[in-house]
Amino acid sequence: MSVTADNATQKAPEVAAEAARRRTFAVISHPDAGKSTLTEALALHAAAITSAGAVHGKGDRRGVTSDWMEMEQARGISITSAALRIDYDDRVLNLLDTPGHADFSEDTYRVLSAVDCAIMLLDSAKGLEPQTLKLFDVCRARRMPVITFVNKWDRPGREPLELLDEIEQRIGLRPTPMNWPVGIAGDFRGLIDRADGDHYTKFHRTPGGATKAVEERLSDEQAAAVEDTAWEQAREEIELLGEIGADFDEASFRAGESSPVLFGAALPNFGISQLLETLVRLAPAPAAQPDAKGDPRPITAPFAGQVFKMQANMDKAHRDRMAFVRVGSGRFDRGMVLTHAATGRPFATKYTQAVFGSERSTIETAYPGDVIALINAQALSVGDTLYDGPRVEFPPIPSFAPEHFAVARAVDAGRYKQFQRGISQLDSEGVVQVLSSDVRGEQAPVLAAVGPLQFDVVKHRMEHEFRAPIELAHLDYSLARRTDAASAPALHGLSGGEVLTRRSDGELLMLVHNKWRLRVIERDHPDLVLEPLLAGG
Ligand code: G4P
């Protein structure tokens with residue numbers, strides 16, 4: 001037995017116990033549904049911080065939200081993402097932050113490859129919104145368990161049964177309410193805990209919502225007296241839920257087919273402890289993940305982790321590049337020398353940190369489900385595996401269907417080398433997808449983005465970081481399909497589209513002007529391969 005394997009065997013009970021304590025999740029939502037507010041509320045309840053507003057927020061509540069990029073500051077949006085560790089009741093909750101702006105969905109999608117569960121956050125007045133639907137598609141593709149939190153119940157909104165119906169009808173996810181609101185949206189009195197013997201908790205606001213709301217347990221008799229008709233209505237609705245069988249079912253939740261639903265309001269901190277309890281109780285702990293060959297990698301195997309995000313420029317003083325790695329198996333100890341699966345080269349981990357926003361602290365050990373940030377990670381790309389011991393590689397993280405395309409050219413032909421270097425670095429960080437073809441040539445790569453704001457980031461970084469300003473000529477394509485080498489020559493000759501190669505994985509993509517044109521091509525050439533890419537497309 002090798003030294004590494006021997007060590008791994010020794011550490012196995014510790015690794016298994018630590019992994020069992022972890023819950024790694026992300027919040028999927030449409031901008032403004034309350035993700036920042038919910039993050040603060042979760043951290044507040046878990047006593048990670050003492051007052052809301054210090055973790056993450058917008059505007060005045062910016063707190064430790066990363067402010068590393070001038071462009072980000074100018075726009076007042078968060079376009080970076082990292083992880084927040086919350087210690088709660090002997091559990092470790094790793095909340096992976098997802099960039100809020102719609103244009104950064106590609107980055108957000110990748111974060112979802114590193115979590116075991118998602119909280120789908122809905123605004124009670126709006127229900128399912130476009131960005132939430134797109135993100136949910138990624139969860140569905142991964143068969144990921146999803147817990148639904150209906151937020152802003154303190155404000156006028158929709159009927160709870162109507163919201164459940166929308167979830168079931170539009171996305172085919174069977175809702176199983178874990179709690180039920182007493183009082184309509186806008187007149188929130190409290191929650192009946194269906195998972196806990198139908199106990200009733202009444203909520204009392206605290207000014208500003210900066211501290212936990214006061215929760216008061218009432219008996220059925222007390223509740224009936226205090227809440228009157230609101231109580232009666234809630235009881236009737238709960239009976240109805242029982243009759244239609246909307247009860248929690250572990251197997252379908254784990255398979256991503258049903259979703260526990262909780263009602264609450266993040267701003268006044270109503271229903272947050274119930275959400276935390278549900279998360280701890282129901283969200284799956286890290287488990288064996290299939291490697292590139294499809295073999296499950298046990299969590300107690302020697303260390304292996306996958307880069308799911310790259311980030312540059314966090315520290316203006318020295319332009320560094322950071323790789324965020326989700327630990328898949330084994331124990332990570334700072335200072336370990338790992339192997340980079342893509343190159344076979346050693347990778348030293350002396351500089352490793354736990355990061356959230358601009359706060360950094362050095363991390364010493366990490367277990368499956370944790371996120372570590374490796375500094376000076378120039379050699380790494382999104383999707384790469386690092387491991388200890390015998391070689392292992394995780395499958396690549398899927399690229400997402402781009403909808404915006406532009407040709408990039410160096411403004412100053414004399415800086416072509418810097419242009420090349422910059423484009424290839426941004427490609428490996430996953431800032432944008434880079435496509436090329438013999439026809440267009442190396443000097444004019446096509447950049448493909450899920451959201452157009454990705455182009456602004458590329459322009460900004462090419463000018464300020466690589467000193468190679470670029471100009472972009474937008475192309476009149478709006479969708480891409482995957483094709484193969486056999487179909488490519490025939491497709492390339494058709495009007496209304498062209499075939500390009502994605503540099504990162506060699507995939508052949510057919511770009512098409514619009515869906516009408518695509519339909520015509522599909523109709524006229526049923527033998528040619530044109531497959532949809534993940535998420536939309
Ligand atoms: P996001 O990260 O999903 O984009 O949303 P964010 O938390 O910034 O919340 C969007 C707006 O919704 C904020 O108001 C926030 O205060 C409000 N909000 C979030 N949760 C609740 C809730 O449970 N009840 C009520 N009533 N409001 C909620 P804003 O005025 O746009 O911003 P701010 O000035 O308060 O920061």
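So for each of 304-311, 496-503 I average, over its residues, the number of other beta carbons within 10 Å; can you give me the resulting order with the highest mean first? Before the final figure, lay out each step's value.
Values: 304-311: 26.0, 496-503: 19.8.
Peptide ranking by packing, descending: 304-311, 496-503.
As a check on your grasp of the helix formula, calculate [θ] at 222 nm for the chain: sum -39500 (n - 2.57) over DSSP H runs of n ≥ 4, divide by the residue count, round to the nearest 500. Before the final figure, lay out each step's value.
Details: 14 runs with 147 residues, N = 537.
Dividing the helical sum by the residues of the chain leaves -8000 deg cm²/dmol.
In debye, nearest 20, what is the charge dipole magnitude of segment 399-485 about its Cα centre with +1 on Lys and Arg Cβ and -1 on Asp and Glu Cβ, if you could check? Can you show the working numbers first?
Details: 10 positive and 12 negative charges, 34 e Å.
Using only the charged Cβ atoms, the result is roughly 160 debye.
If you average the C-alpha positions of segment 171-197 and of segment 213-268 separately, how far apart do those two centres end up, in angstrom?
3 Å
What size of dipole, in debye to the nearest 20, comes out for segment 157-273 about its Cα centre when the only charges are +1 on Lys and Arg C-beta atoms and -1 on Asp and Glu C-beta atoms? Can you show the working numbers first?
On the way: 11 positive and 24 negative charges, 138 e Å.
Once rounded to the nearest 20, the dipole reads 660 debye.
Run the dipole for the chain about the Cα centre, Lys and Arg Cβ at +1, Asp and Glu Cβ at -1, nothing else charged, and hand back the magnitude in debye, nearest 20.
Numbers: 60 positive and 76 negative charges, 416 e Å.
With only Lys, Arg, Asp and Glu charged at Cβ, the dipole is about 2000 debye.
What ranking do I272, I86, I28, I238 get, fewest neighbouring Cβ atoms within 10 angstrom at the top? It would help to have the intermediate numbers written out before the result.
Values: I272 25, I86 22, I28 28, I238 18.
Lowest count first: I238, I86, I272, I28.
For a footprinting-style exposure proxy, rank I147, I299, I184 by other Cβ within 10 Å, fewest first. Can you show the working numbers first?
Values: I147 22, I299 25, I184 18.
By the 10 Å Cβ count, ascending: I184, I147, I299.
What is the Cα coordinate range of segment 384-537 on the first, second and third principal axes, sorted by size from largest, in whole angstrom?
47, 46, 26
By DSSP, what percent of the beta bridges with both residues in the chain are antiparallel, rounded to the nearest 5?
Working: 77 of 100 bridges.
Bridges in the chain are about 75 percent antiparallel.
Say the dipole of the chain comes from +1 at the beta carbon of Lys and Arg and -1 at that of Asp and Glu; which of A265, A287, V111 then lies farthest toward its positive end?
V111
Which listed residue (Y200, A301, T278) has the Cα farthest towards the positive end of the charge dipole for segment 165-316, taking +1 on Lys and Arg C-beta and -1 on Asp and Glu C-beta about the Cα centre?
Comparing the listed Cα positions along the dipole, A301 ranks first.
Antiparallel DSSP bridges in segment 124-260: what percent, to the nearest 5?
Numbers: 13 of 16 bridges.
In segment 124-260, DSSP labels about 80 percent of beta bridges as antiparallel.
Can you pull the semi-axes for segment 224-276, root of five times each eigenvalue of the Cα gyration tensor, sorted largest first, whole Å?
Values: eigenvalues 121, 72, 9 Å².
Working from the Cα gyration tensor, I get semi-axes of 25, 19, 7 Å.
State which entries of K152/K202; K152/K309; K35/K212 exceed 28 angstrom in Cα-Cα distance in the structure shown.
Working: K152/K202 16 Å; K152/K309 31 Å; K35/K212 17 Å.
As for pairs spanning more than 28 Å Cα to Cα, those are K152/K309.
Leaving out same-chain residues fewer than 8 places away, which aspartates and glutamates sit with a Cα under 16 Å from that of K459?
The qualifying aspartates and glutamates are E70, E72, D103, D412, D427, E429, E471.
Aspartates and glutamates within cross-link reach of K417: Cα-Cα under 15 Å, excluding same-chain residues under 8 positions apart?
Cα-Cα hits under 15 Å: E442, E463, E465.
Kindly state, to the nearest 0.05, the FRET efficiency for A287 paired with V337, given R0 = 41 Å and r defined as their beta-carbon distance. Present the calculation step by step, with values, prior to reporting the outcome.
Working: r = 27 Å, r/R0 = 0.66.
The formula returns an efficiency of 0.90 here.
What is the fewest-to-most order of S478, S29, S381 by other Cβ atoms lying within 10 Å of their Cβ?
On the way: S478 16, S29 25, S381 19.
Listed from fewest to most nearby Cβ atoms, that is S478, S381, S29.
Can you compute 3J(HN,Hα) from phi for each residue in segment 334-348, using the Karplus curve 6.51 cos²θ - 1.76 cosθ + 1.60 with θ = phi - 60°, rounded to whole Hz and x for Gly and Pro?
4, x, 4, 9, 9, 10, 8, 4, 5, 10, x, 7, x, 10, 7
Output wanted: per-residue J couplings in Hz (rounded whole) for segment 300-305, from phi through Karplus 6.51 cos²θ - 1.76 cosθ + 1.60, θ = phi - 60°, x for Gly and Pro.
Taking θ as phi minus 60°, the curve returns 8, 5, x, 4, 8, x Hz for segment 300-305.
How would you order 258-265, 392-399 from highest to lowest mean count of nearby Cβ atoms within 10 Å?
Packing proxy ranking, top to bottom: 258-265, 392-399.
Could you estimate the translational diffusion coefficient of the chain from the Stokes-Einstein equation, with Rh from the Kirkwood formula over C-alpha pairs, at 10 °C and 1.306 mPa s, in whole µm²/s? Please report the intermediate quantities before stating the final value.
Working: Rh = 24.7 Å.
Here the translational diffusion coefficient equals 64 µm²/s.
Bear in mind that the values in this text are calculations on the coordinates, not laboratory data. Given the structure is predicted, the values throughout are model-derived calculations rather than measurements. For neighbour counting, all protein chains shown are included, and Cβ atoms are generated from backbone atoms with ideal geometry for every residue, glycine included.
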